[in-house]
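Asker: Below are the structure tokens for one structure; questions will follow.
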Amino acid sequence: MKLSHLFFLLALLAVFSWFMKHESTPQITPSGHKIKVGVIGPFSGVNKGQGDSGLQGIKISQALLPYLNNGDALEFIMIDDKNVSEQSVEALRELSEKHQVTAIMIFSDSNSVLAIAKVADRYQIPIFALIASHPDITKYSSFVTQLNFDDTFQASVAALYVRDELLLDKVAIVAQSNNAHYLYLANEFSRQFRAVEGEVTDTVYLTTSRQDYTEILQQIKNTAPELLYLPVDIDALFAIKTALVKLKWDPVIMVSDGIMADVKAQTKYPMNFLAGMLAVDTYSYDMHLTDLGKQLKAQIQSMGINMRSIDTHSALGMEGYALLVDIMNQCLESKNMRACINDSILGIDRFEGIEGLISFDKTGKAHRSLVINTINDDATMDFIVQVY
């Protein structure tokens, strides 16, 4: 057989297989009924990019999965909380009492979710925290589910990677004390690093934005750390990097999850300023994709969206929507969908995310992998290692 004939037959077989697969998939007839779902996030203010990226992810996933199995669609009621705890709590009240939503997804940070968790039992609505990762966000209420990995896991992996893989003995930590997420990461990283006989030469807790970073970094430099661990926000990170340039000091730097999504969403700072840093995150651009991940990638391309514009927050939005649809499909016969959603998620052992399987324990906390990346000049991240 000629090689050209073989290629033709293989191509024909591939088309036939695709046709048969899609022909056998039953089409869902829209019912015309909509289920209200609340979305809380910072859709204005300094963290606007976080909310916008998360919402973009929801829309991509909704385009792929527009209906539940019975033809119902999800209608989203969005409320901007500006990442302010008091406004997050008020948004929860409004979504419950005024809009009577069936479930809520929130893109705000750990401070906001911790505030919501403390009053969540009053409203008894299943709440999906898609970005927040402080270990206590599932502690106060049985109605809060954490989709991202836990900060204890993140800090432990970061400390062990620095000590056992990079073979570094001495680190310094700079963190922000007004943020529960950053503060916990700093303290847990320090504990874990010391537990494997590493030395923390200095720990600095930033209290305000008006600090002399050059003086702070000079004092840290005097203690001769080999790496700086920086659980800080984007403004503090760039201020630290600027001070390091002034000091002509180039230590190894590791940043915490989500920071690169914030970098890509802003125009204030140059993208290449963080090149070479190590970043802990939920995803990487060049990781293996699951079937769901491949379908979402195809959906993104069909919508004309640049893949490089997809960040951690939009990816978590995609996963969060797909997870909610999966659970709602299990609850279509239930007389109390809120309660069914809340109970069903605790029984999920192998939900297929974008880049791996996710399970949930009895507290509503997700167990999933994380990745360590290196940051490129264009604020993309190259995969180094995935840890389960």
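Asker: Have a look at LEU247, LEU95, GLN124 and report the one farthest towards the positive end of the charge dipole of the chain, computed about the Cα centre with Cβ charges (Lys/Arg +1, Asp/Glu -1).
Answerer: Selected residue: LEU95.
Asker: Assign unit charges at the C-beta atoms only (+1 for Lys and Arg, -1 for Asp and Glu), then state the dipole size of the chain relative to its Cα centre in Debye, rounded to the nearest 20.
Answerer: Dipole of the chain, to the nearest 20 debye: 600 debye.
Asker: Among the listed pairs LYS248/LYS268; LYS59/LYS294; LYS82/LYS294; LYS48/LYS170; LYS48/LYS297; LYS48/LYS98, give every one whose C-alpha distance is greater than 26 Å.
Answerer: Going by Cα-Cα distance, LYS82/LYS294; LYS48/LYS170 fall outside the 26 Å limit.
Asker: OK, next. Show which aspartates and glutamates lie in cross-link reach of LYS264 when reach means a straight Cα distance below 19 angstrom and same-chain residues fewer than eight apart are skipped.
Answerer: ASP52, ASP109, ASP233, ASP235, ASP281, ASP286, ASP311, ASP377, ASP378, ASP382
Asker: Here is a follow-up. Could you let me know the centre-to-centre spacing of region 214-264 and region 351-388, using Cα atoms, in angstrom?
Answerer: 23 Å
Asker: What is the spin-label model distance, in nm, from ASP169 to ARG191 if the labels are put 7 Å beyond Cα along the C-beta direction?
Answerer: With each label point 7 Å from Cα toward Cβ, the separation is 2.6 nm.
Asker: Would you work out the relative contact order for the chain, in percent, from Cα pairs under 8 angstrom that are 6 or more residues apart?
Answerer: Once normalised by length, the contact order is 17 percent.
Asker: Taking only Cα atoms and a 10 Å spring cutoff, compute GNM fluctuations for the chain and point out the largest among MET337, MET303, MET105.
Answerer: With Cα springs under 10 Å in the chain, the top fluctuation among MET337, MET303, MET105 is at MET303.
Asker: Which one of MET318, MET260, MET277 has the biggest mean-square fluctuation once the chain is modelled by GNM with Cα springs under 10 Å?
Answerer: Per the Cα network of the chain with a 10 Å cutoff, MET277 tops the list.
Asker: In nm, give the distance between the simple-model label positions of ASP361 and SER334, each being 7 Å from the Cα along the Cα-to-Cβ direction.
Answerer: 2.2 nm
Asker: Run down the lysines and flag those whose C-alpha is under 22 Å from the C-alpha of LYS139, throwing out any fewer than 8 positions away in its chain.
Answerer: LYS118, LYS362, LYS365
Asker: Which residue, chosen from SER344, SER369, MET260, occupies the Cα position most advanced towards the positive end of the dipole of the chain, where the dipole is computed from +1 (Lys, Arg) and -1 (Asp, Glu) charges on Cβ about the Cα centre?
Answerer: Farthest along the dipole direction, towards plus: SER344.
Asker: Could you state the number of Å between the C-alpha centres of region 166-204 and region 60-115?
Answerer: Here the answer is 34 Å between Cα centres.
Asker: To continue, here is another question. What's the angle, to the nearest 10 degrees (0 to 90), between helix 3-24's Cα axis and the longest principal axis of the chain?
Answerer: That helix lies at roughly 80 degrees to the long axis.
Asker: Name all residues of region 241-262 having a backbone nitrogen under 19 Å from the label point set 7 Å from the Cα of GLN386 along its Cα→Cβ direction, giving them as ranges.
Answerer: 257-258
Asker: If you don't mind, there's one more thing I want to ask. For region 238-358, what relative contact order do you get, as a whole percent, if you take Cα pairs closer than 8 Å and at least 6 residues apart?
Answerer: Relative contact order for region 238-358 comes out at 27 percent.
Read-outs throughout are calculated quantities, based only on the coordinates presented, and are distinct from any laboratory measurement. These numbers were taken from a predicted model, which means no experiment stands behind them. For neighbour counting, all protein chains shown are included, and Cβ atoms are generated from backbone atoms with ideal geometry for every residue, glycine included.
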